[in-house]
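Participant: Here you go, one structure.
The values are calculated or read from the model by the stated rules, or taken from the named source; none is laboratory data. Nothing here was measured: the structure is a model prediction, and the numbers come from that model. Heads up, the Cβs are rebuilt from the backbone with ideal geometry, glycines too, and the neighbour counts pull from every protein chain shown.
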Amino acid sequence: MENTHSINYGTYVLVWLGLVVLTTLTVAIAGLNLASLTVVVALAIATTKSLLVANYFMHVKSDSRVFKVFILVCIVIFLTMIILTFVDLIFRVP
Amino acid sequence: MDSEIIIENKNTEHIYRDDVGSKMGMWLFLFTELILFGGMFILYASYRFMYSDNFRVAAMRLDTVVGTVNTILLLTSSLTAVLSLAAIQKKQKLFSMYLLGFTIVCGGAFLINKYFEWSTKIHHGFYPRGPEMANLSDGEVVFYGLYYVMTGLHALHVIVGMVFLTVMLVFVYKEKITFDNNQKLENAGLYWHLVDIIWIFLFPLFYLIH
């Protein structure tokens with residue numbers, strides 16, 4: 001069996017450093033008053049952090065394509081659920 | 001396929017091992033977790049949409065510092081979890097065990113923080129049907145309900161992850177997990193990282209609304 005993961009400690013530590021920086025950033029930005037943008041920025045940073053964790057710590061980046069398609073399908077199903085819920089909420093007649 | 005190997009042991013029995021299949025099974029399980037928490041995130045989003053002002057007021061009472069410390073703890077534990085896998089692949093058994101031990105300790109520290117955070121809230125009367133809840137608006141009550149259910153379910157996952165990793169630590173010690181047979185450890189790591197990702201979203205949604 002050939003393990004294709006890059007077993008380089010340095011890369012992982014760099015990714016961790018990036019995650020800590022992004023955490024600091026999201027806390028700092030929450031202090032500013034961005035009104036309705038706050039949640040958008042917070043979610044954008046959280047998504048970036050998740051991509052880092054998934055790609056490097058969970059090795060999705062070096063996994064075969066079947067895993068990537070799998071994950072994508074799951075995320076699309078989840079997003080569909082969110083969109084359908086909000087279509088209901090926004091257009092609901094009181 | 002390069003992932004399927006057949007090991008011939010002393011008794012010339014064939015032991016069949018399929019690492020990719022094992023990993024795929026783990027991912028399938030993680031998808032069910034994603035939908036479990038996903039449902040709650042949708043509930044959160046819907047209520048936040050309906051009571052955005054109440055949510056802001058309620059979130060102000062949560063301790064951002066504790067939330068930030070816990071975020072760093074989980075991120076660090078994720079790093080050491082993946083490093084322990086890298087270490088075993090480099091045949092550094094003892095280093096791998098230290099890293100796994102550190103990961104479990106980080107999980108424990110996370111739970112201790114959570115315990116103090118929750119007990120402070122409960123002490124002040126902010127819990128479902130608690131004395132302070134009667135004075136709160138509907139949106140604030142919903143916020144605390146979601147806060148306890150979502151962070152509570154997440155904490156439960158941290159406990160399960162710690163048990164999972166402890167078993168892996170024993171396996172590494174007993175050399176049931178080795179440099180060329182470590183899919184179990186990777187699967188435990190995948191679970192731990194997913195718990196980390198869920199917290200990455202919980203943190204800004206509960207602690208950082210201003």
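Participant: Find all pairs meeting these conditions: Cβ atoms under 7 angstrom apart; at least six residues apart or on different chains; first residue within segment B:2-28 and farther than 30 Å from A:Ala54 by Cβ and more than 12 Å from chain A (Cβ to nearest Cβ); second residue assigned to a loop (DSSP other than H, G, I, E, B) and at pLDDT below 95.
Facilitator: Listed by first residue and then by second, the contacts come to B:Ile15/B:Asn9.
Participant: Continuing with the same structure: Restricting the search to segment B:74-98, which residues are more than 11 Å from chain A (Cβ to nearest Cβ) and without any contact (Cβ under 8 Å) to a residue 60 or more places away in the chain?
Facilitator: At the first step, the residues of segment B:74-98 found to be more than 11 Å from chain A (Cβ to nearest Cβ) are B:93-94, B:96-98.
Listed by number, the residues that qualify are B:Leu94, B:Tyr98.
Participant: From (1) over 30 Å from B:Met168 (Cβ atoms); (2) free of Cβ contacts under 8 Å to residues at least 40 places away in the same chain, pick out the condition that doesn't hold for B:Asp53.
Facilitator: Of (1) over 30 Å from B:Met168 (Cβ atoms); (2) free of Cβ contacts under 8 Å to residues at least 40 places away in the same chain, only one is false for B:Asp53: (2).
Participant: Determine, yes or no, whether B:Leu153 is surrounded by 17 or more Cβ atoms within 10 Å (Cβ to Cβ) and either basic (Lys, Arg) or under 19 Å from B:Leu190 (Cα atoms) (or both).
Facilitator: Details: surrounded by 17 or more Cβ atoms within 10 Å (Cβ to Cβ): no; either basic (Lys, Arg) or under 19 Å from B:Leu190 (Cα atoms) (or both): yes.
Judged against the criteria, B:Leu153 is not a match.
Participant: Does B:Tyr127 count as outside any helix (DSSP H, G or I), surrounded by 16 or more Cβ atoms within 10 Å (Cβ to Cβ) and among the hydroxyl-bearing types (Ser, Thr, Tyr)? Break it down stepwise before answering.
Facilitator: Values: outside any helix (DSSP H, G or I): yes; surrounded by 16 or more Cβ atoms within 10 Å (Cβ to Cβ): yes; among the hydroxyl-bearing types (Ser, Thr, Tyr): yes.
The answer is yes for B:Tyr127.
Participant: One residue is enough: does segment A:54-63 have a residue meeting the conditions over 24 Å from B:Asn70 (Cα atoms) and facing chain B (nearest Cβ under 9 Å)?
Facilitator: yes
Participant: How many residues does segment B:82-108 hold that are touching an Asp or Glu at 6+ places or on another chain (Cβ under 8 Å) and surrounded by fewer than 18 Cβ atoms within 10 Å (Cβ to Cβ)?
Facilitator: Initially, segment B:82-108 is screened for residues touching an Asp or Glu at 6+ places or on another chain (Cβ under 8 Å), giving B:85, B:93.
Filter again for surrounded by fewer than 18 Cβ atoms within 10 Å (Cβ to Cβ), leaving B:93.
Residues that pass the stated criteria total 1.
Participant: Would segment A:70-85 turn up any residue that is assigned to a helix (DSSP H, G or I), in the same structural domain as A:Thr11 (by TED's automatic domain parsing), surrounded by 16 or more Cβ atoms within 10 Å (Cβ to Cβ) and touching a Phe, Trp or Tyr at 6+ places or on another chain (Cβ under 8 Å)? Give the steps one after another, and end with the answer.
Facilitator: Residues of segment A:70-85 that are assigned to a helix (DSSP H, G or I), as a first pass: A:70-85.
Still in the running and in the same structural domain as A:Thr11 (by TED's automatic domain parsing): none.
Looking through segment A:70-85, none of the residues is assigned to a helix (DSSP H, G or I), in the same structural domain as A:Thr11 (by TED's automatic domain parsing), surrounded by 16 or more Cβ atoms within 10 Å (Cβ to Cβ) and touching a Phe, Trp or Tyr at 6+ places or on another chain (Cβ under 8 Å).
Participant: For B:Thr166, only one of the following conditions fails: (1) at pLDDT 95 or above; (2) among the polar types (S, T, N, Q); (3) crowded, with 18+ Cβ neighbours inside 10 Å. What is its number?
Facilitator: Single failed check for B:Thr166: (3).
Participant: Same structure again: Picking from B:Val82, B:Val69, which residue would you name as being farther than 29 Å from B:Tyr173 by Cβ, modelled with pLDDT of 95 or more, of a type in the set (A, V, I, L, M) and assigned to a helix (DSSP H, G or I)? Walk me through it before giving the result.
Facilitator: Values: B:Val82 fails: farther than 29 Å from B:Tyr173 by Cβ.
On inspection, the qualifying residue turns out to be B:Val69.
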